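Just so it is clear, none of the values below were taken in a lab; they were calculated from the coordinates. Please read all numbers here as calculations on a predicted model, not as lab measurements. Glycine gets a Cβ as well: all are built from the backbone with ideal geometry, and neighbour counts include every protein chain shown.
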Amino acid sequence: MTSMASHSERARRMADRLNLSEAAIRKRKLFLGISSEEEAALSLLRPFLQQRTPAFVTRLHGRIGDFPETAKILENAPSQSWLRSRHSEYFVELVSGPYDMAYVTNRLAVGIAHQEIGLEPEWVQSSFGLFLEWAGQILREDPASPLSSHPGLGEALAKITLFDSGLVMDSYFMAERERMEVLSRVFETNAEVVWILDGQGILRHANRTSEKVVGWLPADLVGKPVEDFLVSGTDSPNPSRGDLVATALREGHWEGELLVGHRNGSRFSVWATVNLLEDSPDRGLILEFRDRTAEKRTELELLQKTNELLRSNRDLEQFAYVASHDLQEPLRMVTSYTQLLARRYQGKLSGDADDFIRFAVDGAVRMQALINALLSYSRVDTRGKPLIATETSTALDQALDNLRLAVRESGAVIERGTLPRVYGDPVQIMQLFQNLVGNAIKFRSSGGVPRIAISAEREGDFWRITVADNGIGIDPRYFERIFTIFQRLHTKEEYPGTGIGLALCKRIVERHGGSIGVRSVPGEGSLFHFTLKAFSGEAASIASEGSVDDHPPAQKGIVS
């Protein structure tokens, strides 16, 4: 519940707006015929009523409970005990005086509090009526009543109750006025055009944004049929007002694109919503819309650029495939004849000739490897299989089988945790593992035994798979460069290869909707990580045996 301090501050502002000065308060009391003698005499009622008011509050809350709407408000009140206590104090304060500015702001604050919990003005009136009925009865019937010595107390109590109820009604009026002013500011400053129509489709209200969007002042719009401003075109006809109303009745609102005419004669597309002013269309409609000219232009430009990019990608993929495919035959001929020269004339010509032949053979073989790699890279998207449920453990088995000679010759130790099922292309995921594990073996530390750890960890809808090694590592400056096609950090004499392996890994992972990255310390090893979409129904976690988590990066290496 809002604090009484905030109610009091709001009540002081409200009193200022109502021009309730001390002079205005005296004038109100004068109109009701409340004399200073009656104000003083009312204080005689305080001890009499204070003892009996709790009984009245019980009666009052019983009356509240007789009506479903007020009973529900009472049930939902933040503190019923606080409400009962405050009501007891409230009716005693009626006869406490003095009836000055402090009293007035207190009564306005009470009215604000009642309004906030949802009690309507008629309930306030009825509560005052019930109080007067109860107070008049006990004043007449209770032997301890001060009425016998002061017969005018009953009339004075009725007058001050009218004075009080007037203040509470003022608080309701001003609170509603403040609410309407806020709604009006929202209406006028709304970034969208807002039109309020009556049941016949005539504009009754239009906000200031209308001038900015359609060129007409609100005064130019009011009183005219909305059809005067909703234009139709053969390419995009507007629905009729009847169709808008029917959809709003059926679905609660209508939303879609309309064509609107500008004052300068042009027409433009807007995104509009239509809501019923009340449950019946006879009560009118609220039409809101915003100009979509810039959005449509952006959408068109984006569509054009997307189509251009798709066409360019298709052209590039086709070019890469055709160029590399058409180069294969002449390259095979060059390779065959240079190898034939090497076999037939090795040692029979000069030393320079032997070197020239060797260079030619080596260049032809490397060119053939590069073309094959380029073919594989260009086919990731065009020749990829549909993504299906794929066991990454099976893909890893196949990759290790292809690498068995390299594993045996290097003495590599492979540690693997339990790997998940994902959505993927089984062949491409096998290629992914083969390239990463193959690199870990190739770029091993001099004289060291390669140790490679493979594990998986669930991350939301994805699995994060890591391949860690204890190899030569990578300088952080080159983390981005290593995933670019044909970018090498070492000479072919140091480490053979085409420089396309990690670029191929990146393309495969991105085709699967994931991402790939690396952490590394030069001389201590590298940890490559990539994400793949989890297959539906997989558990949120897996038991990892010998996973990378069991071998955290240490001071001396990524895998120690």
So for the pair Lys533, Arg290, with labels modelled 7 Å out along Cα→Cβ, what separation do we get in nm? 3.0 nm
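Compute the FRET efficiency between Lys27 and Asp142 as 1/(1 + (r/R0)^6), taking r as their Cβ-Cβ distance and R0 = 35 Å, and round to the nearest 0.05.
Working: r = 35 Å, r/R0 = 1.00.
It comes to 0.50.
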Considering amide H positions built from the backbone, and no H for Pro or chain starts, which residues 5 or more places from Val521, or on another chain, come under 5 Å of its amide H? Ile474
Would you mind computing, in nm to one decimal, how far apart the modelled labels at Glu176 and Arg12 are, each placed 7 Å from Cα along Cα→Cβ? 2.8 nm
Compute the separation of the alpha-carbon centres of the range 202-264 and the range 1-70 and state it in Å as a whole number. 49 Å
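Return a whole-number percent for the relative contact order of the range 4-188, with Cα pairs under 8 Å and 6 or more residues apart as the contact set.
36 percent
Kindly identify the range 193-291 as rounded, prolate or oblate by the Cα gyration tensor criterion: order the square roots of the eigenvalues as a ≥ b ≥ c, call it rounded if a/c is under 1.5, otherwise compare a/b with b/c, prolate if a/b is larger, else oblate. Walk me through the numbers before you get to the answer.
Details: a/c = 1.83, a/b = 1.24, b/c = 1.48.
It is oblate, given that a/c is not under 1.5 and a/b is not larger than b/c.
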Derived scalar couplings ³J(HN,Hα) [the range 148-155; Karplus, 6.51 cos²θ - 1.76 cosθ + 1.60; whole Hz; x for Gly, Pro]: 5, 8, 9, x, x, 5, x, 5
Tell me which residues come under 5 Å, amide H to amide H, from His262 once H is placed; ignore anything under 5 positions away on its chain. Arg267, Phe268
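Set the bar at 27 Å for Cα to Cα. Now go through Lys29/Lys72; Lys72/Lys159; Lys442/Lys506; Lys442/Lys533; Lys296/Lys506 and name every pair that lies beyond it.
Details: Lys29/Lys72 36 Å; Lys72/Lys159 32 Å; Lys442/Lys506 19 Å; Lys442/Lys533 29 Å; Lys296/Lys506 35 Å.
Table pairs above 27 Å Cα-Cα are Lys29/Lys72; Lys72/Lys159; Lys442/Lys533; Lys296/Lys506.
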Inter-site label distance for Asn264 and Asp461 at 7 Å from Cα along Cβ, in nm: 4.4 nm
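Report the gain in length on full extension from Glu37 to Asp362: 0.36 nm times residue separation, minus Cα-Cα distance, nm rounded to one decimal.
Details: separation 325, 0.36 × 325 = 117.00 nm, distance 12.12 nm.
Here the answer is 104.9 nm.
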At a threshold of 8 angstrom on Cα-Cα distance, excluding pairs fewer than six apart, so keeping six or more, what relative contact order does the range 260-299 reach in percent? 36 percent
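With r as the distance between the Cβ atoms of Leu300 and Asp352 and R0 = 56 Å, compute the FRET efficiency 1/(1 + (r/R0)^6) and round to 0.05.
On the way: r = 64 Å, r/R0 = 1.14.
Efficiency for this residue pair is about 0.30.
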Computed FRET efficiency, Cβ-Cβ of Glu188 and Lys72, R0 45 Å: what is it to the nearest 0.05? 0.80
So between Glu257 and Glu480, what do we pick up on full extension, going 0.36 nm a residue minus the alpha carbon distance? 75.8 nm
Along the range 159-175, Karplus-curve 3J(HN,Hα) (6.51, -1.76, 1.60; θ = phi - 60°) to the nearest Hz, with x for Gly and Pro, reads 5, 5, 5, 5, 4, 5, 5, x, 5, 5, 5, 4, 5, 5, 4, 5, 5
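Where the only charges are on Cβ atoms (+1 Lys, Arg; -1 Asp, Glu), what is the dipole of the range 4-188 about its Cα centre, to the nearest 20 debye? Provide the component values of the computation, followed by the final result.
Values: 21 positive and 25 negative charges, 39 e Å.
Roughly 180 debye for the range 4-188.
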Can you list the aspartates and glutamates whose alpha carbon is less than 13 Å from that of Lys305, not counting same-chain residues fewer than 8 positions off? none
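Would you order Tyr337, Tyr103 from fewest to most other beta-carbon atoms within 10 Å of each residue's own beta-carbon? Walk me through the numbers on the way to the answer.
Working: Tyr337 13, Tyr103 18.
The most exposed by this proxy come first: Tyr337, Tyr103.
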Using θ = phi - 60° and the Karplus curve 6.51 cos²θ - 1.76 cosθ + 1.60, what whole-Hz ³J(HN,Hα) does each residue of the range 514-531 get, with Gly and Pro shown as x? x, 9, 9, x, 8, 10, 7, 10, x, x, 10, x, 9, 10, 8, 9, 9, 10
